[in-house]
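One structure below.
Bear in mind that the values in this text are calculations on the coordinates, not laboratory data. On a predicted model such as this, the values are computed, not experimentally measured, just so you know. FYI the Cβ positions are ideal-geometry reconstructions off the backbone, even for glycines, and counts take in every protein chain you see.
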Amino acid sequence: MSAFMYGVVVQWKLDLRNRGILLTYYVVPLLFFSFMGAIFTSIDPAAKDTLIQTMTIFGVTMGAILGAPTPLVELYGSEIRKAYSIGGIPLWVVAVNNYLSAFIHLLIMSLVVFICAPLMYDAVVPTHLWLYFLSLVIFIMASLAVGTVLGLFIRSAMKLTMLAQLIFLPSIMLSGIMFQADLLPNEFGIAGKFFPATWGMQSMTSEVLDLQLYIPLAAILVISIAVSWYRLSTMVAE
């Protein structure tokens, strides 16, 4: 267990030294929060009610979809993978280390938004903190699971960038963080329900524990884990 946790810490430190990862985990989400937070609250004062949630959804989605898959593509798509096999290190260890490292990074980023939003923009703090953080943790887990699938199936950074954008942009536009989801055409509203961001927004803004909001996130998490495990098992045979 100590060796496994050491691997997580090493991956976490490597992420901090990777400029591309650092941009998607911290720099861009927090800059977006700084500028768009001011714009949202000046245009619509009611945006303060959900500012913490919307900025967190954006940051987590960016980090999980655009950032987390990158180390996996760099490793599994290179000769380094063979070194792990020769050394007797299971391939799943890399994916799990990356997942846990990314989880810590995105949780820290979310805490920065949670603390700074009320101070900078007088944002409303969620009434039930335990419910908010429960929803946040489940949302991060589901989003990172999707990002892990991308990292395992895509072999080139260029293809990853293109496909990740095709997931990231609809997630942001259809989740309800830019404008109310009920203003969207019915077809777009249905499409938005396939993305974790939509359910993350609904669960993080809910004032009651509604299990129906967590079932889609749990389903995305379980399906992504199953797909990732299948992919890892096929890599061993390659």
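Annotation: extensible slack from Leu111 through Val137 equals 8.2 nm (criterion: 0.36 nm per residue apart, minus Cα-Cα distance). Rounded to the nearest 10 degrees, what's the angle between the helix 2-17 long axis and the longest principal axis of the chain, both from Cα atoms, 0 to 90? The two axes meet at around 60 degrees.
Angle of helix 157-174 to the longest C-alpha principal axis of the chain, folded into 0 to 90 degrees and rounded to 10: 20°. Using a Gaussian network model of the chain in which every pair of alpha carbons under 10 angstrom is joined by a spring, one finds that among Phe194, Phe114, Phe179 the greatest mean-square fluctuation is at Phe179. For the stretch 149-238, the spread of Cα coordinates along the three principal axes comes to 47, 29, 20 Å, biggest extent given first.
Note on Val9 and Phe188: the model spin-label points, each 7 Å out from Cα along the C-beta direction, lie 4.8 nm apart. Structure remark: mean-square fluctuation, Gaussian network model of the chain, C-alpha springs under 10 Å; the largest value among Leu163, Leu119, Leu144 belongs to Leu119. I want to verify a result. In a Gaussian network model of the chain, Cα cutoff 10 Å, which of these has the top mean-square fluctuation: Tyr132, Tyr99, Tyr25? Judging by the Gaussian network model, the answer is Tyr132. Against the chain, whose longest principal axis comes from its Cα atoms, helix 215-237 is set at around 20 degrees.
Each of Ser171, Ser34 was scored by other Cβ atoms within 10 Å of its Cβ. Listed from fewest to most, they are Ser34, Ser171.
Select from Val112, Gln180, Leu131 the residue farthest towards the positive end of the dipole of the stretch 94-221; place +1 on Cβ of Lys and Arg, -1 on Cβ of Asp and Glu, and compute about the Cα centre. Towards the positive end, the residue furthest out is Val112. Placing +1 on each Lys and Arg Cβ and -1 on each Asp and Glu Cβ, with no other charges, gives the stretch 150-236 a dipole about its Cα centre of roughly 520 debye.
Each peptide in 101-112, 53-64 gets a packing score, the mean of other Cβ atoms within 10 Å over its residues, and the list from highest to lowest is 53-64, 101-112.
Normalised by the number of residues in the chain, the average gap of Cα pairs under 8 Å and 6 or more apart makes the relative contact order 26 percent. Neighbour counts of other Cβ atoms within 10 Å put Arg17, Arg155, Arg231 in the fewest-to-most order Arg17, Arg155, Arg231.
Dipole size of the chain about its Cα centre, with +1 on Lys/Arg Cβ and -1 on Asp/Glu Cβ: approximately 800 debye, rounded to the nearest 20.
Between the amide H of Leu184 and any residue lying 5 or more places away or on another chain, no distance stays under 5 Å, with hydrogens modeled in the peptide plane. The Rg/Rh ratio of the stretch 174-213, with both radii computed over alpha carbons and Rh defined as the Kirkwood radius, is 0.97.
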